[in-house]
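Chemist: A single structure is presented below for examination.
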Ligand code: ADP
């Protein structure tokens, strides 16, 4: 059974039960009230009639005359003060009956009290007869019973009619309410159904599907939380797809990059094994094999680094002074720069920032190595840290503007043969870009042909610092 059906059945059941009990009590109380009001009215009437007839008998009874005269007097008095609904008994004998009823069994009549008006209600076929009486005494003529006999079926009929009307009203209102509860519950449960469909769509791979949030009630909040979760899943799936795409490209490029040195190594080693060549040519072949093997070594080293960076767990952030970082890089690059007859000038106006020191060191070494490759002896290479950026600026050959967007791609080299000769494998800037991203930053490249290049790491995330 569906949730909305269960809920509405429960609400309808509770509502019908509560209103049914309430209606029943109201009908019962109203009926009781009406009957007791009627009875107490008649009780007052019987009391005053008893009093009036008693007075009349006391003052005007024809003492000393025969039974017939006495009976006529009593009948006259009963007609005068009582009326159509009364009977009068003298010493237990019926002396006057103005009602339409016969006293079939006088013994069955209740004993009437002196002090209060008592009554019984008799039900015969579909009639309710109220029999009410009071006893009074008159000195010299014995005791009297004044009895009122009244058909009060009308009151019961009215009560019954009211009860039926109320029942009909109850059924009509219940029918409308049941419908309303069903529809409202179904409507309120719609977001949950939508949630179910959207969850099914998500599990089927449609990560763009969202739940339409109509209200900010409990269900609305669940829908909102669900949408946030779906967004998160979508983002993560996109990231995973991106990483997997990058890895695929990387592997393709790697296979391509491996092919050339492997072909040369196989070619040269075949020649060495099977062709008779001079000592000079033999040496050259071995040198070539050696340099290609070294290149393969560098390639695999950088590849390992790059692949390692896709795994965030290998990155360890510490709060580290940028000046300290510069000192380490200077020590590493000192001989390399001097060997090329160049000069490395650093200037740091940044404080500390959270970083993976080894990775940041590797980033700067890569940028400086590229700057060295592009510069001539006597040139200067500036490394500057200010505001939220670290810049490596050289005054070398520069990069053609159309090449700038491509040089951060893995294995991309502007001049392949020259770069290879200089020991490049085309992975340095791809590595730098990845390291910058891990530090919530990005690379900005500016270059002027024959006037050098400036490559900056700009920290735009929480690790970025503006305390220059
Ligand atoms: P490589 O291992 O070849 O240095 P990189 O990814 O570091 O690979 O660089 C890609 C290419 O970008 C290089 O081959 C080079 O042509 C160009 N490049 C990078 N830095 C500079 C620079 N400072 N000046 C001129 N060209 C540069």
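Chemist: Counting only helical runs of four or more DSSP H residues, what would the 222 nm mean residue ellipticity of the chain come to if each run contributes -39,500 (n - 2.57) and the total is spread over all its residues?
Modeler: Helix contribution divided over all residues of the chain: -20000 deg cm²/dmol.
Chemist: Can I ask one more? Alpha carbon centre of the stretch 248-312 versus the stretch 10-45: separation in Å?
Modeler: Their Cα centres are 103 Å away from one another.
Chemist: Using alpha carbons only, how many degrees (0 to 90, rounded to 10) separate the axis of helix 153-203 from the longest principal axis of the chain?
Modeler: Long axis of 153-203 versus the principal axis of the chain: about 10 degrees.
Chemist: Give the calculated FRET efficiency between residue 448 and residue 199 to the nearest 0.05, with a Förster radius of 60 Å applied to their Cβ-Cβ distance.
Modeler: For R0 = 60 Å, the calculated efficiency reads 0.60.
Chemist: How long is the gain from residue 328 to residue 14 if the chain were fully straight, where each residue apart is worth 0.36 nm and the alpha carbon distance is subtracted?
Modeler: Residue separation times 0.36 nm, minus the Cα-Cα distance, leaves 105.2 nm.
Chemist: Additional query: Give the calculated FRET efficiency between residue 162 and residue 1 to the nearest 0.05, with a Förster radius of 41 Å applied to their Cβ-Cβ distance.
Modeler: With R0 = 41 Å, the Cβ-Cβ based efficiency is 0.60.
Chemist: Next up: Mind checking the full-extension length gain between residue 387 and residue 349? Use 0.36 nm per residue of separation minus the Cα-Cα distance, one decimal, nm.
Modeler: Using 0.36 nm per residue and subtracting the Cα-Cα distance, I get 13.0 nm.
Chemist: A further question follows. Report the extension gain between residue 122 and residue 269 in nm, rounded to one decimal, defined as 0.36 nm multiplied by the number of residues separating them, less their alpha carbon distance.
Modeler: Separation in residues times 0.36 nm, less the Cα-Cα distance, equals 39.9 nm.
Chemist: Still on this structure, I have one more. Given a Förster distance of 51 angstrom, what is the FRET efficiency for residue 139 paired with residue 173, based on the Cβ-Cβ distance and rounded to 0.05?
Modeler: 0.20
Chemist: A follow-up question, please. In degrees, nearest 10, range 0 to 90: what is the angle between the Cα axis of helix 428-438 and the longest Cα principal axis of the chain?
Modeler: Value to nearest ten degrees: 30.
Chemist: Using Cα pairs closer than 8 Å and at least 6 residues apart in sequence, work out the relative contact order for the chain, in percent.
Modeler: This gives 9 percent for the chain.
Chemist: Treat each spin label as a single point 7 Å out from the Cα along the C-beta direction, and report the residue 241 to residue 48 distance in nm.
Modeler: Each label point lies 7 Å from its Cα, and together they span 9.7 nm.
Chemist: Let me ask another. Compute the long axis of helix 322-339 from its Cα atoms, compare it with the longest principal axis of the Cα atoms of the chain, and write down the angle in degrees, 0 to 90, nearest 10.
Modeler: 20 degrees
No lab work stands behind these numbers, since they all come straight from the coordinates. Keep in mind it's a predicted model, so treat the numbers as computed, not measured. When we count neighbours, we look across all protein chains shown, and the Cβ atoms used for this are built from the backbone with ideal geometry, even at glycine.
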